[in-house]
Structures are given as C-alpha cells and as structure tokens.
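Just so you know, all these numbers are worked out from the coordinates, no wet-lab data involved. All figures in this text were calculated on a predicted structure; none of them were measured in a lab. FYI the Cβ positions are ideal-geometry reconstructions off the backbone, even for glycines, and counts take in every protein chain you see.
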Amino acid sequence: MNRSYDVAVIGGGMVGASIAYQCAGRGLKTALFERRHLASGGSGGNFGLVLWSTGQPSVRFALDREYDGAARVARLPAELDFDLEYRAAHGHCLIATEEELALFSGHRDRFVAAGFQERIITPAELRREEPNLRVGPEVIAALQTDEAVLNPFRLVQGYWRQARRRGAQLFSYSPVAGFRRQGRRITHLVIPAGEIAVGQVVIAAGSWSRQVALMLDISLPEYFIQAEAVVTEPIAPFLRGFAYWGNALRVPAESRIAAESMQAGWESRSGDYLFGAYDFGAVQAGHGNMLFGQMTHITPALSDQTSRNLIPDSAREALRLFPQLGKLRIMRAWRSPAPFTPDHMPLVGRLGAYDNLLIASGFASAITQCPWAGEFIADLAAGGLPAAAARPFDPMRFDQPVAA
C-alpha cells in the first residue's frame, strides 16, 4: 500500500469520484477514501434525477452551474465510455391549489426571465404526457421541466472506472479517524490501516462532511435532511418522466434550521426531531423498478432505519396516482441523507483554516454539479486556478466563522 499521495479525496460518492477522476487526469497521485463502499451514502440513495430546475435564478453563477452541468451529464456516457442508463425526461410538479399555482408560476417566470424553459401545463396536457398517471380533480395544473434520469450507482462507477485507469487508488471501508497537522498544513490522514501522508486534502463526503471537518476543529455551516423511499419489483415501461407533489414547506424549514444551528449548534440537537414532511414523487429506473417517496426528516441523528409509516404511506400515495399498480410488490426501502446549507448553495473551494484543505459539499443536486466540481477542485489542487473563480460558492462566505 502506498503511504503518500498528492491528493486525498474523502468521500466515495459521485462528487468524490469525479474529483479523483479529474485529479488523476492532471497527473496528481490521487487516493479516494470511503468509509464503506462506493455510492454507499447519498449518491446511492436518490432517484437519479438530472435536475437544473433546483438552481437559484437570483444567482446567475449558481444557475449556470446547474444548467451547464445538466448538459454536461448528457455527454458523460461518451466521455466515461460507460452506460449510465441516461434518458431525457420531463419532470412534472403536480399543483393542487391556487396558492401553489401562483407560487410555481412565479418559479416559472423567474427561470424564463433568466433564459430557461419551464411551462405550466393543464391536466389534459399532463394526461397526454403521462397516460398512466391518474390525474384527478385534485390536480389543477403541473409545472413541466425538461430534465433527465440516470442510474446514480453507474455514475459513480463510471467515474471511478476511469479514475482507476488513470492511476487513482481506492481505500474502501477506510473511515478517516483523524488528521496529523503541522502549523497551517495537514500532513497525514489517519485510517484504520495506518497513517497516509498527503499533499492536498479534499472533503467531499456529502452529509458526512461536517463530521470530517469537526476532526479539524472546523464547524461547517452544512446540515442534512434524511429522505426515505421504496423500490418495487421491475415492470414494463410505465412512466415516461417523473412526477411529484410540490412542497413549499421544506426549503424554508431548512433555512430556519440552518440559521438556528449556526447559533445554537447542530450536534447538540441530536435528540430533536426538527421537521418532517412527505414529498411524494415517482420515477421509473432503467431496469424497470419504480421508486416511490420521499418521506423527509430533519434530525441531526443519522440513521439507516426507515420509519414504520414509510411503506404504508408510500403505497397509499402511489395508488392514489397509479391505481393500476395495486399488485406491484415492494422489494426494499432505504433512508439516505442529503445536505443543505443556509443559502442552499454548495461549499466549494479552499477552507481558510488550512493551506492545503479544500471542500466540495452541500450540493442540492450533486448529479448536475459533479462534473464542474471535479474539474474546479482538481484545478485548485494542481495550482492552476484562483479560488475566487467560484466566489458565490466560497465556503467562507458566511458571517459566522467556519472554525469551531
């Protein structure tokens, strides 16, 4: 086992694998450290939606990263020479009330003004788009977006496959237990197998990034939701795109909880249940499995255990929109964390507490951001790009000091 690397990337999800791929491509001796196996965290526990509509229209840099990233992801199967089970798909946000219609019409207007395409469609148009979707009287309209779906596991595998060909090394089941430091530099990572000398350290651990940073006495302004979903047995092609009910409560709740946690702490609230909601959505995976969810929880206590109401609630909501699936069997369920920050933009760049510490975490849509984030962090690690090039994502942008 090698004991020294130019770049140590912590986190074996889609962002970490992309960074390893790009760093190795720049001739940097690169190692990827993962506490379990590749895509064992949030990168594996998601619907595989290639979303640009989660961008912030008020911050052009952020919106462009989402939109350009979605276009870049469409080209990744050719770049990585790997089938990602990618397909273009319409997203349909179902609207039930006039208040929601006004809210999502405003969303459409802001994105259209920024140069993008979103549409409010009628129930009749929605039925033509998704003939297997029951559009009852409770649906008065839908917000339609042009997006895509892929297999998130294969995205991580595709990146790592090429990173390995470029010489990168993977340390699976190697949780980082600590760091050795000398002045303003990190000199070694401590893993169960021993100490690894490092030149640059990149934290790309998603919802675990905060835990990693705390070992360096850094309190990141990054927190997480925990989302739950169920997976059914495969069926013939059934759903062309994806559909979901809009929920206007979760994002304001995240903002409030982030502001409170920056002042009162996050870990100190580990016994508290801070927020819960059921944001039902449905998508069909490449092999035909239906994914239904999601039940969303905000609590600082990470858990792999799904809640007891997940399966009956998911079945009820699924049958409400797809009554013809009454005999479809549920094969498994999962619970997975997803990070958020106070302003719902990621933390990308150098963490000023150490001269050789970088971060790429807190993404609302990591699938669309991972191509750009991998290139940007690799350029920083290679010394070829100023950190100010991504100022809106600067991890030091918050008033509260990042250092604990």
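List, in order, the whole-Hz ³J(HN,Hα) value for each residue of the stretch 330-345 obtained from phi through the Karplus relation with A = 6.51, B = -1.76, C = 1.60 and θ = phi - 60°; use x for Gly and Pro.
Result, ordered by residue: 7, 9, 7, 9, 9, 10, 9, x, 9, x, 8, 10, x, 10, 6, 10 Hz.
Rounded to whole Å, give me the distance from the Cα center of the stretch 232-297 to that of the stretch 193-219.
Going from one Cα centre to the other spans 27 Å.
Given an 8 Å cut-off on Cα distances and at least 6 residues of separation, report the relative contact order of the chain as a percent.
For the chain, the relative contact order is 24 percent.
With the cut-off at 1.5 for a/c, could you classify the stretch 89-146 from its C-alpha gyration tensor as rounded, prolate or oblate?
Taking the square roots of the gyration eigenvalues as a ≥ b ≥ c, the stretch 89-146 is oblate.
Using a/c under 1.5 as the rounded threshold, could you call the stretch 257-315 rounded, prolate or oblate? The axes a ≥ b ≥ c are square roots of the C-alpha gyration tensor eigenvalues, and prolate needs a/b larger than b/c, oblate otherwise.
prolate
At most 14 other Cβ atoms within 10 Å and a DSSP loop assignment: could you name the GluC sites (Glu not before Pro) in the stretch 116-168 that fit?
Counting only loop positions with at most 14 other Cβ atoms within 10 Å, the GluC sites (Glu not before Pro) in the stretch 116-168 are Glu138.
Once amide H atoms are built 1.01 Å from N in the peptide plane, which residues 5 or more positions from Gln294, or in another chain, come under 5 Å H to H?
For Gln294, the qualifying residues are Asp279, Phe280, Gly281.
How many percent of all Cα-Cα pairs in the stretch 71-224 sit more than 27 Å apart?
54
Give a quick list of GluC sites (Glu not before Pro) in the stretch 148-245 that DSSP marks as loop, anything other than H, G, I, E or B, with at most 16 other Cβ atoms within 10 Å.
Listed in order of number, the matching sites amount to none.
Give the percent of DSSP beta bridges with both residues in the chain that are antiparallel, rounded to the nearest 5.
75
Could the peptides 343-352, 100-109 be put in order, highest first, of the mean number of other beta-carbon atoms found within 10 Å of their residues?
In descending order of packing, they fall as 343-352, 100-109.
Quote the relative contact order of the stretch 89-146 in percent (integer), defining contacts as alpha-carbon pairs under 8 Å separated by 6+ residues.
Worked out over the stretch 89-146, it gives 55 percent.
With θ taken as phi - 60° and the coefficients 6.51, -1.76 and 1.60, list the Karplus ³J(HN,Hα) couplings across the stretch 15-21 in order, rounded to whole Hz; mark glycine and proline as x.
6, x, 5, 5, 5, 4, 4
Rounded, prolate or oblate: which fits the stretch 206-342 when a ≥ b ≥ c are the square roots of the eigenvalues of the alpha-carbon gyration tensor, with rounded for a/c under 1.5 and prolate only if a/b beats b/c?
Because a/c hits 1.5 or more and a/b exceeds b/c, the stretch 206-342 counts as prolate.
Need the C-alpha centroid separation for the stretch 116-170 versus the stretch 72-106, integer Å.
So the separation of the two Cα centres works out to 4 Å.
Going by how many other Cβ atoms sit within 10 Å of their own, how do Tyr273, Tyr5 line up, fewest first?
Fewest to most other Cβ atoms nearby, the residues stand as Tyr273, Tyr5.
May I ask you to sort Ile121, Ile235 by Cβ crowding, counting other Cβ atoms within 10 Å and putting the fewest first?
Ranking Ile121, Ile235 by Cβ neighbours within 10 Å, fewest first, gives Ile235, Ile121.
To the nearest 20 debye, what is the magnitude of the charge dipole of the chain about its Cα centre, counting +1 on the Cβ of each Lys and Arg and -1 on the Cβ of each Asp and Glu?
Using only the charged Cβ atoms, the result is roughly 1100 debye.
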